[in-house]
1. Less than 20 Å apart at the alpha-carbon level, and either on another chain or at least 8 residues along: which aspartates and glutamates does that give for LYS115?
2. For the chain, what is the mean residue ellipticity at 222 nm derived from helices alone (per DSSP H run of n ≥ 4: -39500 (n - 2.57); sum divided by total residues; nearest 500 deg cm²/dmol)?
3. Stretch VAL130-LYS174 to full length: gain in nm at 0.36 nm per residue minus the Cα-Cα span?
4. Name the residues whose placed amide hydrogens come within less than 5 Å of the amide hydrogen of GLY45, ignoring near sequence neighbours (fewer than 5 apart) on the same chain.
5. Please give the per residue accessible area of the chain, computed with a probe of 1.4 Å over protein heavy atoms only, in Å².
6. Please work out whether region 27-95 counts as rounded, prolate or oblate from its C-alpha gyration tensor, where a ≥ b ≥ c are the square roots of the eigenvalues and a/c under 1.5 means rounded, while otherwise a/b larger than b/c means prolate and anything else oblate?
7. May I ask you to rank HIS132, HIS150, HIS159 by accessible area, largest first, using a 1.4 Å probe over the protein chains only?
8. How much FRET efficiency would the formula 1/(1 + (r/R0)^6) give for ARG14 and ASP68, where r is the Cβ-Cβ distance and R0 is 30 Å, rounded to 0.05?
Amino acid sequence: MILPIRAFGDPVLRKVGKDIDKDYPELQELIDNMFETMYSANGIGLAAPQIGLDIRLFVIDVTPLAEDEDYEDIKDELAEFKKVFINAQILEESGEEWKFNEGCLSIPDVREDVKRKGTIVIEYYDENFVKHTETFSDIRARVIQHEYDHIEGILFTDHLSALKKKLVKGKLAKISQGDVNIGYKMRFPK
């Protein structure tokens with residue numbers, strides 16, 4: 001089922017997510033719905049707060065990037081990178097910060113350069129509640145950091161300079177009022 005994505009200004013996007021356990025009600029259905037919702041909006045990541053749930057769950061599928069010539073050197077890794085992250089904790093961020101132009105399904109039509117560290121070590125459970133501790137670099141680390149921020153109540157716009165925040169303030173206000181033209185289901189703050 002395709003769920004409405006919460007727009008900028010919805011209080012759930014500012015909540016720190018709660019851990020869940022393997023008995024979380026209808027977990028597999030929720031995960032399936034999150035992937036379906038993400039695909040319908042042409043996204044490559046979606047976190048539970050974006051569909052109104054303040055829990056530590058996000059899904060990522062960067063397989064479409066394997067066809068992008070910018071990622072030719074890691075296309076094999078990207079072609080298989082579809083994952084579920086439950087109760088994730090980033091243990092370490094390292095390497096040089098690099099800028100990348102980010103966007104967000106909860107903040108349509110706003111894209112800005114964000115600096116993030118190049119490598120992360122993350123601990124998480126997969127959809128079968130098997131625990132993993134893994135190291136990721138490149139665009140995979142970037143997408144994980146972006147989605148991880150969501151379960152921490154952080155949006156990519158929080159990483160912008162004071163000047164950039166000022167420049168996008170009007171766009172953000174319009175989004176929270178529903179004054180945006182999008183091609184997917186959204187729920188706007190009242």
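The values are calculated or read from the model by the stated rules, or taken from the named source; none is laboratory data. These numbers come from a predicted model, not from an experiment. All Cβ positions, even for glycine, are placed from backbone atoms using ideal geometry, and neighbour counts span all protein chains on display. Surface accessibility is based on the protein's heavy atoms, side chains included, excluding ligands, DNA and RNA. Shrake-Rupley method; radii C 1.70, N 1.55, O 1.52, S 1.80 Å.
1. Within the straight-line limit of under 20 Å, LYS115 reaches these aspartates and glutamates: ASP70, GLU92, GLU93, GLU96, GLU97, GLU102, ASP138, GLU147, ASP149, GLU152, ASP158.
2. Working: 4 runs with 48 residues, N = 190.
After summing the helix terms and dividing by the residues of the chain, the value is -8000 deg cm²/dmol.
3. Values: separation 44, 0.36 × 44 = 15.84 nm, distance 4.15 nm.
Contour length minus Cα-Cα distance gives 11.7 nm.
4. Residues meeting the criterion, in which the H sits 1.01 Å from N, are ASP61.
5. Counting only protein heavy atoms, the per-residue value for the chain is 52 Å².
6. Oblate shape, in that a/c is at least 1.5 and b/c is the bigger or equal ratio.
7. Values: HIS132 55, HIS150 5, HIS159 85 Å².
Descending order: HIS159, HIS132, HIS150.
8. Details: r = 32 Å, r/R0 = 1.07.
Given R0 = 30 Å and the Cβ-Cβ separation, E is 0.40.
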